[in-house]
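The block underneath contains the structure these notes are about, expressed in structure tokens.
The values are calculated or read from the model by the stated rules, or taken from the named source; none is laboratory data. Not measured: the values here are computed from a predicted model. All Cβ positions, glycine included, derive from the backbone under ideal geometry; neighbour counts span all protein chains shown.
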Amino acid sequence: MRRAIFPGSFDPLTNGHLDIIKRSAPLFDEMIVAVLNNADKHPMFTVNERCEMIREVLPAVETDGCSMRVESFSGLTADFAKRSGANAIVRGIRAVSDYEYELRMALMNRRLEPGIETVFLMAGEEYSYVSSTLMKQVFELGGRVEGLIPELVETRMRQKLGK
């Protein structure tokens, strides 16, 4: 079985994330959206809230028969991939700066778990500038983010911030 993980903080989930899921899903039999629980960050949403939003949005994403599930994890991505029985880690690349960081991470993950490959997908051009951090900043300052994040996520952001 070809199993991959797609790790990230997903705080919040963006349409760029969903685009990577949709385009990478045909490469695998199963994909785990792996939601990082990082105690050092101060997320807008709890790890449970992020997992739940992803679970609610995923059924609308065309995954070409790839089985999808959502799990949270903490610690090393390579360790989680191994525990999950994954043979690949999917990562999206928006710009050269992403590539430099992701290359270092991929090489370290390969050193930690040599049997697990990292698969890079270029972001769709319509999402090449979209990041969770940017979406939070724009939203908090009253800017429009429709079309860049799922409607459900925007609704939850409004509820969270009382807007």
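Test of understanding: among Ser84, Ser97, which residue is of a type in the set (Ser, Thr, Tyr), over 30 Å from Gln159 (Cα atoms) and modelled with pLDDT under 95?
Values: Ser84 fails: modelled with pLDDT under 95.
None of the others qualify; the one that does is Ser97.
Selection of segment 39-51 for residues being hydrophobic (A, V, I, L, M, F, W, C) and either touching a residue at least 60 places away in the same chain (Cβ under 8 Å) or assigned to a helix (DSSP H, G or I) (or both) yields Met44, Phe45, Val47, Cys51.
Just to be sure before I move on: is Ala88 closer than 20 Å to Leu36 by Cα, aliphatic (A, V, I, L, M), in contact with a Leu (Cβ under 7 Å, 6 or more places away or on another chain) and buried (at least 17 other Cβ atoms within 10 Å of the Cβ) in the structure I sent? Break it down into steps so the answer makes sense when it comes.
Working: closer than 20 Å to Leu36 by Cα: yes; aliphatic (A, V, I, L, M): yes; in contact with a Leu (Cβ under 7 Å, 6 or more places away or on another chain): no; buried (at least 17 other Cβ atoms within 10 Å of the Cβ): yes.
No: the conditions fail for Ala88.
Looking only at residues that are assigned to a helix (DSSP H, G or I), at pLDDT 95 or above and not basic (Lys, Arg) in segment 102-125, which one is nearest to Ile20 (Cα to Cα)? So the residue we want is Glu102.
The requirement of being outside any strand (DSSP E or B) and free of Cβ contacts under 8 Å to residues at least 60 places away in the same chain is fulfilled somewhere in segment 83-90, by at least one residue. Test Arg50 against the stated conditions and say whether it is surrounded by fewer than 19 Cβ atoms within 10 Å (Cβ to Cβ), basic (Lys, Arg) and over 17 Å from Ala4 (Cα atoms). The answer is no for Arg50. Can you name the residue in segment 52-71 that is part of a loop (DSSP other than H, G, I, E, B) and of a type outside the set (A, V, I, L, M, F, W, C) and, of all such residues, is nearest to Ile149 (Cα to Cα)? Of everything passing the filter in segment 52-71, Glu62 is nearest to Ile149 (Cα to Cα). Considering segment 18-38, the residues that are within 9 Å of the chain's Cα centre (by Cα) and assigned to a helix (DSSP H, G or I) include one that is nearest to Arg50 (Cα to Cα), namely Leu18. If you go through segment 114-135 and pick out every residue that is within 22 Å of Glu49 (Cβ to Cβ) and crowded, with 19+ Cβ neighbours inside 10 Å, you end up with 3. Flag set for Thr133, criterion: modelled with pLDDT under 95 and in a helix (DSSP H, G or I).
This table checks each residue for (1) in contact (Cβ under 8 Å) with a residue 40 or more places away in the chain; (2) within 18 Å of Pro12 (Cβ to Cβ).
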site: Asp98; (1), (2): no, no
site: Asn109; (1), (2): no, no
site: Thr118; (1), (2): no, no
site: Met122; (1), (2): no, no
site: Tyr127; (1), (2): yes, yes
site: Gly147; (1), (2): yes, yes
site: Leu152; (1), (2): yes, yes
site: Arg158; (1), (2): no, yes
